[in-house]
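Below: the structure, in structure tokens.
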There are 2 protein chains.
Amino acid sequence: MKKLINTAGSVVEDALNGMAAAHPSLRVRDQVVYRAEGPRPGKVGLVSGGGSGHEPLHAGFVGHGMLDAACPGEVFTSPVPDQIIDATKAVDGGAGVLHIVKNYTGDVLNFEMAAELVEGVEVASVLVDDDVAVQDSLYTAGRRGTGATLFVEKIAGALAEEGAPLAEVAAVAREVDERSRSFGIALTSCTTPHAGKPTFDLPDDQVELGIGIHGEPGRARAPMGTARELAGIAMEAVHGDLPLSGDLLVLVNGMGGTPLMELYVVFAEVASFIEGKGARVARSLVGNYVTSLDMQGFSVSVCRLDDALTRLWDAPVETPGLRWGR
Amino acid sequence: MKKLINTAGSVVEDALNGMAAAHPSLRVRDQVVYRAEGPRPGKVGLVSGGGSGHEPLHAGFVGHGMLDAACPGEVFTSPVPDQIIDATKAVDGGAGVLHIVKNYTGDVLNFEMAAELVEGVEVASVLVDDDVAVQDSLYTAGRRGTGATLFVEKIAGALAEEGAPLAEVAAVAREVDERSRSFGIALTSCTTPHAGKPTFDLPDDQVELGIGIHGEPGRARAPMGTARELAGIAMEAVHGDLPLSGDLLVLVNGMGGTPLMELYVVFAEVASFIEGKGARVARSLVGNYVTSLDMQGFSVSVCRLDDALTRLWDAPVETPGLRWGR
């Protein structure tokens, strides 16, 4: 497998240099990505992070209306506590800092350690665990955090931007997580720069149902099907866990290697499934947002909206990975 | 190769249904994608189109500040004159319509035929031919139109939005094309839904220099190199054709299957090359914009800006594929 890199060891640093060069709105220091303008006094700071290889998550979501800082680890590797401590101190505007943590054991431990060690900053944490595919897995106790992380970061980011206090920002983040579910299907493995070969083997006539964003095993292998069949499997898994009703925020997310044209084919099937259950696609996103390097496949994430959450979703956002309405 | 489709024959229709379901700002009718609000009286209408498989180009660039309509053909196949005639009539607000045509023989013929056959609408055409890799090729007499199409659509779209007359909008579109150059490198082939297997074979230790966006051959095969080496080859090709100087608009474009992390690695090298020539990255984009299905690889497009073009590039845009600042 060919990779557009200089060396496997420098890929994260090189990519962050590219982000800094491409986005004057960002500042990169000691492997942490910040808003260039720094913290705003009185605003709750939002910090997230996790292994690299899921771009634009998280560093691509730093900016007005979303994160204040992102801590990228090495590829598929948790950020270290020092990064998180640096970020937490740097973004504190006196109103405290919210850590948004995807539920992977390493991430959870390192964010907890950072929250304990950082001095003089009030820290709250919210765990994202939206993936209905598996309970306890290779990397995780409980459910994994995947696509709904984007929903949490966007909606909590909007509330923080309005000046809400830390407890409220943390509460809305938890509410979004509780209202959200995801399920992913892989058509191919990803390939990490270090390994240089696919993480797992997947025959050309099979898919992995419930894939994780690091190539962790899902629920089962199944024969390759049509977009309608695969979208149906993903949506039944979501609907079986949190019945679809009312207004929904829907993300059809590419895993990194799937053409946008195919993601729209999947979205049409997802929308049709949702209508068939009497629910409504009130807001949607289609594209590569929470990726797994070059993996082919998709995930669907659904959040049950209410008026307050819809208003926060619609609020202006200006980041490299998501922007509208400012 | 697995594809997220229902059938190869329905993939374009199914994807357009997905676009319509995902984007209330768009309306799809007879395989043409329009702004939902229809034409604005007195505004020049912008119509583009071409084969599907390059998403978000073109349909993802329909919206405020960019195109009024896009005519997607079947995968890697020109749109038919009837589509273009429908689109031209529908978007005319009385000020005429600009056709933005990538330089492929089929596209050129069908847009020309439509322009001749449409009645009662003043039509101007601009040809995009930014790819320095090859002169005359499998699909094209002259140079191919690739990444700079996005620059032309954005900048001409901004001027049209301001109410400029057709001749001025056409002139700025031509100026952007003349000031722009592109070069692409493939790490893998793409796979079309109909063929179901890679369009060409590319050994695991080689790349195709000067790849076209349909998998057409480029200048040469070369050994796989580092991101720095490959970015250097692409930039030397661009610089050799249009010496880099002054303020540049730079697109590092993914071909569809390359992780965003790797595109940022390439961008860092491109920016470094440009600085080394004494020019400046004044504006930039990094991501999948002018794709070739699931191909791995990248292209670089560069446009020499002046103040007027910079102002139009910065103007608000609100489309599924590109949005800022409204």
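The values are calculated or read from the model by the stated rules, or taken from the named source; none is laboratory data. Quick caveat, the model's predicted, so the values are computed rather than measured. Neighbour counts are summed over all protein chains in view; Cβ atoms, including those assigned to glycine, are modelled from backbone coordinates with ideal geometry.
General observations
- Yes/no for A:L251 being part of a loop (DSSP other than H, G, I, E, B), in contact (Cβ under 8 Å) with a residue 60 or more places away in the chain and either of a type outside the set (G, A, S) or within 13 Å of another protein chain (Cβ to nearest Cβ) (or both): no
- Scan segment A:178-228 for residues that are among the charged types (D, E, K, R) and in contact with a Cys (Cβ under 9 Å, 6 or more places away or on another chain) and the total you get is 2.
- Residue tally, condition of a type in the set (F, W, Y) and either within 18 Å of A:M235 (Cβ to Cβ) or facing chain B (nearest Cβ under 9 Å) (or both), over segment A:305-326: 1
- Segment A:278-304: number of residues that are away from chain B (no Cβ under 11 Å), touching a residue at least 60 places away in the same chain (Cβ under 8 Å) and surrounded by fewer than 23 Cβ atoms within 10 Å (Cβ to Cβ): 1
- Apart from one condition, A:A195 fits all of (1) at pLDDT below 95; (2) touching a strand residue (DSSP E or B) at 6+ places or on another chain (Cβ under 9 Å); (3) hydrophobic (A, V, I, L, M, F, W, C); the exception is (2).
- Some residue of segment B:303-319 being among the aromatic types (F, W, Y) and farther than 21 Å from A:A59 by Cα: yes
- Scanning segment A:180-207 for residues that are crowded, with 20+ Cβ neighbours inside 10 Å, more than 14 Å from chain B (Cβ to nearest Cβ) and not polar (S, T, N, Q) turns up A:R181, A:F183.
- The set of residues from segment B:95-112 being in a helix (DSSP H, G or I) and closer than 20 Å to B:D177 by Cα comprises B:T105, B:G106, B:D107, B:V108, B:L109, B:F111, B:E112.
- For the residues A:G232, A:G212, A:G287, A:G254, the requirement of being more than 27 Å from A:M1 (Cα to Cα), out of contact with any Pro (no Cβ under 8 Å at 6 or more places or on another chain) and not assigned by TED's automatic domain parsing to the domain that holds A:T149 singles out A:G232.
- From the options A:V121, A:V101, residue that is under 26 Å from A:M295 (Cα atoms) and modelled with pLDDT of 95 or more: A:V101
- Scanning segment B:73-84 for residues that are of a type in the set (A, V, I, L, M) and buried (at least 21 other Cβ atoms within 10 Å of the Cβ), we see that the one that is farthest from B:A160 (Cα to Cα) is B:V75.
- Tally of residues being in a loop (DSSP other than H, G, I, E, B) and either crowded, with 24+ Cβ neighbours inside 10 Å or within 12 Å of chain A (Cβ to nearest Cβ) (or both) across segment B:225-242: 2
Conditions (1) in a loop (DSSP other than H, G, I, E, B); (2) of a type in the set (A, V, I, L, M, F, W, C), marked per residue:
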{"residue": "B:A70", "(1), (2)": "no, yes"}
{"residue": "B:G73", "(1), (2)": "no, no"}
{"residue": "B:A114", "(1), (2)": "no, yes"}
{"residue": "B:E119", "(1), (2)": "yes, no"}
{"residue": "B:S125", "(1), (2)": "no, no"}
{"residue": "B:Y139", "(1), (2)": "yes, no"}
{"residue": "B:T149", "(1), (2)": "no, no"}
{"residue": "B:V152", "(1), (2)": "no, yes"}
{"residue": "B:A156", "(1), (2)": "no, yes"}
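- For segment A:127-137, the criterion of being surrounded by fewer than 21 Cβ atoms within 10 Å (Cβ to Cβ), at pLDDT 95 or above and in the same structural domain as A:A173 (by TED's automatic domain parsing) is satisfied by at least one residue.
- Taken residue by residue, segment A:142-165 has no member that is crowded, with 24+ Cβ neighbours inside 10 Å, within 14 Å of chain B (Cβ to nearest Cβ) and over 18 Å from the mean Cα position of the chain (by Cα).
- First in segment B:32-47 and over 15 Å from B:L98 (Cα atoms), second anywhere and surrounded by fewer than 24 Cβ atoms within 10 Å (Cβ to Cβ) and among the charged types (D, E, K, R), Cβ under 8 Å, 6 or more apart: B:V32/B:D86; B:V33/B:R27; B:R35/B:R27; B:A36/B:R27
- The lone criterion from (1) without any contact (Cβ under 8 Å) to a residue 40 or more places away in the chain; (2) more than 10 Å from chain B (Cβ to nearest Cβ) left unmet by A:A271 is number (2).
- The lone criterion from (1) without any contact (Cβ under 8 Å) to a residue 12 or more places away in the chain; (2) away from chain B (no Cβ under 12 Å) left unmet by A:S245 is number (1).
- Residues that are out of contact with any strand residue (DSSP E or B) (no Cβ under 8 Å at 6 or more places or on another chain) and at the interface with chain A (Cβ under 7 Å from one of its Cβ atoms) were ranked within segment B:1-22; the one that is surrounded by the most Cβ atoms within 10 Å (Cβ to Cβ) is B:D14.
- Qualifying residue in segment B:17-27 (condition: part of a strand (DSSP E or B) and without any contact (Cβ under 8 Å) to a residue 24 or more places away in the chain): yes
- If only residues of segment B:40-62 that are surrounded by 20 or more Cβ atoms within 10 Å (Cβ to Cβ) and over 15 Å from the mean Cα position of the chain (by Cα) are counted, the one that is nearest to the other protein chains (Cβ to nearest Cβ) is B:K43.
- Selected residue (criterion: nearest to A:V317 (Cα to Cα)) from residues of segment B:311-321 that are touching a Lys or Arg at 6+ places or on another chain (Cβ under 7 Å) and not in a strand (DSSP E or B): B:P316
- Flag for A:A222 being of a type in the set (A, V, I, L, M) and outside any strand (DSSP E or B): no
- Which numbered condition A:K154 fails, given (1) assigned by TED's automatic domain parsing to the domain that holds A:Y289; (2) of a type outside the set (A, V, I, L, M, F, W, C); (3) touching a Gly at 6+ places or on another chain (Cβ under 8 Å): (1)
Residue by residue, here is whether (1) at pLDDT below 95; (2) over 15 Å from B:G321 (Cα atoms); (3) small (G, A, S) holds:
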{"residue": "B:S10", "(1), (2), (3)": "no, yes, yes"}
{"residue": "B:D14", "(1), (2), (3)": "no, yes, no"}
{"residue": "B:M19", "(1), (2), (3)": "no, no, no"}
{"residue": "B:V28", "(1), (2), (3)": "no, yes, no"}
{"residue": "B:R35", "(1), (2), (3)": "no, no, no"}
{"residue": "B:R40", "(1), (2), (3)": "no, yes, no"}
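- The residues of segment A:171-192 that are touching a strand residue (DSSP E or B) at 6+ places or on another chain (Cβ under 7 Å) and among the β-branched types (V, I, T), listed by number, are A:V176, A:I185, A:T188, A:T191, A:T192.
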